[in-house]
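Here the structure is laid out as structure tokens; the discussion comes afterwards.
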Amino acid sequence: MKKLFLDDIRTVDMVYPSERAHEFDLVRSYDAFLSYIQKNGLPEFISFDNDLGLDNDDNLAPDGYAAAKWLVYESGLDLRNLQFHVHSANPVAAEQIRGLLDNYIQHLKRNSY
């Protein structure tokens, strides 16, 4: 099972048991997230952080919610079998990511032929 971990600071073993760390590929930014999926395809599991720090111009970088929105609105990928977890410490953003992905995946499952 391919697993992806999106976080600008944390390592996998800060969220999951250390013996599972080798199961994940780690990306640190929105751009790296998009590049990874465009190159490797949709992983079966994604662990999302939301706040991804600053960009090169010291502006807020696109966040985990932006990555989730890209998956839903722009990627064109079939997300029906995507499993995900949101490990963000930002409770409002975590709920936004969960809500967007849960609702969209349920919509796809209800309307698949």
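The values are calculated or read from the model by the stated rules, or taken from the named source; none is laboratory data. Treat the numbers as computed from the prediction; the structure is a model and nothing was measured. Note that we place each Cβ from the backbone using ideal geometry, even for glycine, and neighbour counts take in every protein chain shown.
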Residue in region 85-95 that is touching a Gly at 6+ places or on another chain (Cβ under 8 Å), closer than 16 Å to residue 9 by Cβ and of a type outside the set (A, V, I, L, M) present: yes
Six or more apart or on different chains, Cβ under 7 Å: which pairs go from a residue in region 100-113 that's closer than 10 Å to residue 72 by Cβ to one that's not in a helix (DSSP H, G or I)? Could you list them? 101/84; 104/79; 105/79; 105/80; 105/82; 108/79; 108/80
Considering (1) acidic (Asp, Glu); (2) in a loop (DSSP other than H, G, I, E, B); (3) exposed (fewer than 15 other Cβ atoms within 10 Å of the Cβ); (4) modelled with pLDDT of 95 or more, say which one residue 8 fails and leave the rest. (3)
Using beta carbons and a limit of 6 Å, which pairs, at least six apart or on different chains, have the first residue in region 15-44 and under 21 Å from residue 63 (Cα atoms) and the second one part of a helix (DSSP H, G or I) and of a type outside the set (D, E, K, R)? 24/12; 27/33; 27/36; 30/66; 30/67; 33/67
Do we have any residue at all in region 37-59 that's loosely packed, with under 15 Cβ neighbours inside 10 Å, in a loop (DSSP other than H, G, I, E, B), small (Gly, Ala, Ser) and under 14 Å from the mean Cα position of the chain (by Cα)? yes
Applying the selection to region 11-58, what residues are modelled with pLDDT under 95 and within 22 Å of residue 73 (Cβ to Cβ)? 55
Output the residues belonging to region 73-106 that are under 16 Å from residue 62 (Cβ atoms) and surrounded by fewer than 11 Cβ atoms within 10 Å (Cβ to Cβ). 73, 74
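Each row is one residue, and each column tells you yes or no for (1) hydroxyl-bearing (Ser, Thr, Tyr); (2) assigned to a helix (DSSP H, G or I); (3) within 20 Å of residue 32 (Cβ to Cβ).
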residue: 67; (1), (2), (3): no, yes, yes
residue: 70; (1), (2), (3): no, yes, yes
residue: 78; (1), (2), (3): no, no, no
residue: 81; (1), (2), (3): no, no, no
residue: 85; (1), (2), (3): no, no, yes
residue: 92; (1), (2), (3): no, yes, no
residue: 95; (1), (2), (3): no, yes, no
residue: 98; (1), (2), (3): no, yes, no
residue: 105; (1), (2), (3): no, yes, no
